[in-house]
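Step one of this worksheet: look at the structure below.
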Amino acid sequence: MALATASTIPTPPADDLRDAAAGAAAPPVTQAAGGAQPQTGSLARRMLLIAAAWIGVLLLLGGVALDRTINSLLTNQFDEQLEYVLTSMIGSAEIGPEGEVYFNRALGDQRFLEPNSGLYWQISGQGHENWPSRSLWDRTLQLSGERHVYRPHYYDTDQFKEEPLRVVERTLRLPGSNTEWQFAVAAARGELDAQITDSRSILVWSFAVLGLGLFGMVALQTWYGLVPLRRVRKAIARIRTTGANRVTDPLPQEVQPMVEELNALLAHTDRQAEEARTHAGNLAHALKTPLTVLTNAASAQAPDLNEAVLREVATMRRHVDHHLARARALGRRAIGLSRTNVMDSARAVERAVARLYPAVRFDIAGSARAEVAIERQDLDEVLGNLMENAAKYGGGSVFLTVDAEPSDSTCTIWVEDDGMGIPEQQRDGMFGRGARLDTGKPGTGLGLAIVRDVVGIYGGTVDLDESEDLGGVLVRLRLPRAGLPA
């Protein structure tokens, strides 16, 4: 007894074919309320805001650091001038006959002789009166009172009203004296503060101009850098308005991968639409002959009209089931990458088929972790057709082996029975619609045809052979593993 390709697995009504085919050609697109596409803001605005924030932070930190550096340089220069005067004072100082301090040569700066000139000196010693410069006139410097023997000590003071001072002082003992003398030189900070203010003003304006220039450069770079995206938008608009099916404009290498994915999506959509049109045309052609037969029989009032109606309706149902199965598979494939555990599907199908054929022994073995890139419903339908055929036309035993020939890219599933098998010269013809070798048992002859079409949609293959262990038919099903391209 030879195996026939029958299938009694229930299928949805024929009215669903049009919706399934439409789903295969154009997957649904979700839009925001009101029909507007949701957006996440402007890419150019993001780039400009990020650049502006980063430029602002860098310029602020750089400006603060540079301002402190310039202030420190100006202050050090000012202090060096004061220290020079202090060193000259110490080098010119001697002890008089009564223990007092005097200069053996006059200090060179004329401002020490002008009252309130802004440059002052003063020498103080315990047990001696303060010796101030003439420029102090009737005022006295209030020194810190601390001993700084080895190095000069600098500090600011506001002891003179409206005249902030910068003071340098040093404590030492002169030769021939046991008194610790405190030498101090003070200068008004007006000149130093003016230099710091001028430098800070120049720094602020220069950094402001630099920031504006950098932001302008970023704006120009952003505009020029996004030109390829605008070209892609125009190319897509041309596809919609002119009927082109590819983006062929030369684009930078950063944008080219996106364009290649877009072209691949367009090619996939074209294939889906072409398959949907082909299915609709094939179904229309397949239904045309039965409808013509029914019309002629009804017009001629043929005596066997009832039998003709039943026969032709069964034929039309076979065609509808076949194309509906393909349309469902195409529609589900378009949704995205699928992942189904083969052993889970095989166990579920075994329980269903075992209820129809309780006398048949089913054995399932193989990898429990094998997963294939096919929807669970489609894998159930494929395995259901194969296992039902093996149970119906076999001798009472059905073996299913998962990952029978392991490889990196495909998972091989064997379905074997102990029936009479199929002659080698007739095996290829068994995948045709309505092909049956045993017409004594009920069936539509669409089982293997549906299996071939559904498996082919997912990039798999199916072929028939002879079972070495059971002697019947061996159906070898190869499906792409989950996570790998079909």
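The values are calculated or read from the model by the stated rules, or taken from the named source; none is laboratory data. All of these numbers come straight from a predicted model, not from anything done at the bench. No Cβ is skipped: glycine too gets one built from the backbone with ideal geometry, and neighbour counts run over all protein chains shown. Just the protein is used for accessible areas: all its heavy atoms, side chains included, with ligands, DNA and RNA removed. Shrake-Rupley method; radii C 1.70, N 1.55, O 1.52, S 1.80 Å.
Taking GluC sites (Glu not before Pro) across segment 184-277, the ones in a DSSP loop with at most 11 further Cβ atoms lying within 10 angstrom of their Cβ are Glu254.
The calculated FRET efficiency for the pair Glu100 and Thr140, based on their C-beta separation and a Förster distance of 22 Å, comes to about 0.80. To the nearest 10, the accessible area of Val232 is 10 Å² with a 1.4 Å probe. Using the Cβ-Cβ distance between Ala365 and Ala44 with R0 set to 45 Å, the FRET efficiency from 1/(1 + (r/R0)^6) comes to roughly 0.15.
Multiplying the residue separation of Ala264 and Arg233 by 0.36 nm and subtracting their alpha-carbon distance yields 9.5 nm. Kirkwood's formula applied to the C-alpha pairs of segment 131-246 gives a hydrodynamic radius of 21.0 angstrom. For Thr242, Thr412, Thr75, Thr461, the ranking by accessible surface with the largest value first comes to Thr242, Thr461, Thr75, Thr412, using a 1.4 Å probe. Note on segment 110-165: along the principal axes its Cα atoms extend 30, 24, 20 Å, ordered by decreasing extent. When all alpha-carbon pairs of segment 58-163 are counted, what percent fall beyond 20 Å? Counting pairs separated by more than 20 Å, the tail of P(r) holds 53 percent. In this structure, Gln126 and Arg151 have a Cβ-Cβ separation that, at R0 = 25 Å, corresponds to a calculated FRET efficiency of about 0.75. Here's the list of aspartates and glutamates a cross-link from Lys234 could span, going by alpha-carbon distance under 13 Å and ignoring same-chain residues fewer than 8 apart: Asp249. Solvent-accessible surface (1.4 Å probe) assigned to Met217 amounts to roughly 110 Å².
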